[in-house]
1. Can you give the charge dipole size of the chain about its Cα centre, rounded to the nearest 20 debye, using +1 on the beta carbon of Lys and Arg and -1 on the beta carbon of Asp and Glu?
2. Name the residue, out of 278, 132, 206, whose mean-square fluctuation peaks in a Gaussian network model built on the chain with Cα pairs under 10 Å.
3. If packing is taken as the average number of other Cβ atoms within 10 Å across a peptide's residues, how do 187-199, 229-241 rank, most packed first?
4. For the stretch 335-349, what does the Karplus curve 6.51 cos²θ - 1.76 cosθ + 1.60, with θ = phi - 60°, yield as ³J(HN,Hα) per residue in whole Hz, taken in order and with x for Gly and Pro?
5. Heavy atoms only, probe 1.4 angstrom, no DNA, RNA or ligands counted: give me 405, 119 ranked by accessible area, highest first.
6. Over the stretch 166-314, calculate the relative contact order: mean separation of alpha carbon pairs under 8 Å at least 6 apart, over the residue count, as a percent.
7. Do the sum for the chain: with -39,500 (n - 2.57) for every DSSP H run of n ≥ 4, divided by all residues, what is the mean residue ellipticity at 222 nm, to the nearest 500 deg cm²/dmol?
8. With every protein chain kept in place and ligands, DNA and RNA left out, what is the accessible area per residue of the chain? Probe 1.4 Å, answer in Å².
Amino acid sequence: MPGGPVSCPAEAHVRPGPPLPPLHRLDFEPPGPPRPVDLPDGNRAWLVSRYDDVRMVLTDSRFGRAGLHAPDSPSLSGESGLVSSLDLIFNQDGEDHLRLRRTMRRAFTPRAVARWRPWIAKIVEQCLDELADCARPADLVAGFTLPLPVAVISRLMGLDNEAQERLRHWSQYAFSDGSHPEEEMASALAEFAAFGAELLAGRRRAPGDDLPSVLVRTADEEGGIPEGQLVDFVCGLVVGGHDSTMTMLSNSLLYLLGERPEVWPRLGADEEAAGVLADRLLHLIPLGDDRGTARYASTDTEVGGVTIPAGSVVLADCGAANRDPEVFPPRPLDDLFAPLAAPTLAFGAGAHYCLGAWVARLELQLALHRLAARFPGLRMVQPAEEVEWHLGTTSRSPRRITVTW
């Protein structure tokens, strides 16, 4: 595999209870007007679920992230690790957020990402070569869905083999669901922050053409950005760039191979169609079980005919919004090759729209198309109900997908 194997020194949290359904089978309540709901810790929040309402909350500056972490704000159970850091770009608003975002915005434009296509495609083919040499049945996670995004983000970030082998470990704590012991969490995050600080310092001493070099150069030109924000930014890029893509690719393949084998021939024959299908899967299969991205209402604001009071936590349910029958077809998984009727909210919207959206789309398109083209007879040898899940983080993905061809 490119970059070598990835180890996971920390065992993921195992959730008791009945088997979890695949993420493409999650049930979503029909979207409706904003309504009060209870958070896990007993605090109240407002749930927003209609497409237009969710889009408004995500694009309106009266709903921000920074207020969630003020001393007098309601607690957010389940947000821990890097996700809860005040220095993380996701938790910045206004000029602080824009200053950080400007440091990397040009690096992630569609035109810039298009220039990466040849070497990303080469990495995909290298991973497929490795998979072809595996004994059958093979584990598609260990043989493809994990090494591919690790190799891509390692190339973008200029990481060495030692750092690559720690990515999965750091992700467990950076995106923790709060189930890890506090002392263990603090130790892992301190180690991760030290890695990020050294990575930035190294690029200042000897800049290259990777993303950390772009970050330190543009940040120094911009001025006024605290080093802690830069460290959290680069750490977020490292783990987000591999964990989210691996999760999306694994869950997409679980769905396609387990329930939609009839699309496999077209997926392998038509790269453009694979791009449309990738957009639809990104739109409809969430990364985890969390039903809402949280915002803080800074003033009394009317949303969908309902006034949400100042100081409220607002949960924008993108999964429900992406299935809103007023905007999208009532059976959205029927035609996987149909273009979306409206822009997806899978990457958010507004000021916090995901910087890596174009990279994620490109990786998923190339991975699905070339896997189907190389392995037209690829099939699962276990039912989806028997899949064991990686838990303990805000995302959820299969530990193994056993396949043959």
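1. Details: 39 positive and 55 negative charges, 220 e Å.
Roughly 1060 debye, rounded to the nearest 20.
2. Taking springs between Cα atoms under 10 Å, the residue moving most is 206.
3. Details: 187-199: 17.1, 229-241: 23.3.
Packing order, densest peptide first, comes out as 229-241, 187-199.
4. Ordered by residue, 3J(HN,Hα) equals 10, 6, 9, 8, x, 5, 6, 7, x, 5, 9, 4, 9, x, 6 Hz.
5. 405, 119
6. Working: 88 pairs, mean separation 24.1, N = 149.
About 16 percent, as a whole number.
7. Numbers: 12 runs with 177 residues, N = 405.
Calculated mean residue ellipticity at 222 nm is -14500 deg cm²/dmol.
8. Working: 17360 Å² over 405 residues.
So the chain comes to 43 Å² accessible per residue, rounded to a whole number.
The values are calculated or read from the model by the stated rules, or taken from the named source; none is laboratory data. Remember, predicted model here, so these are calculated numbers, not experimental data. Note that we place each Cβ from the backbone using ideal geometry, even for glycine, and neighbour counts take in every protein chain shown. Areas reflect the complete protein model, heavy atoms only, side chains present, ligands, DNA and RNA absent. Shrake-Rupley method; radii C 1.70, N 1.55, O 1.52, S 1.80 Å.
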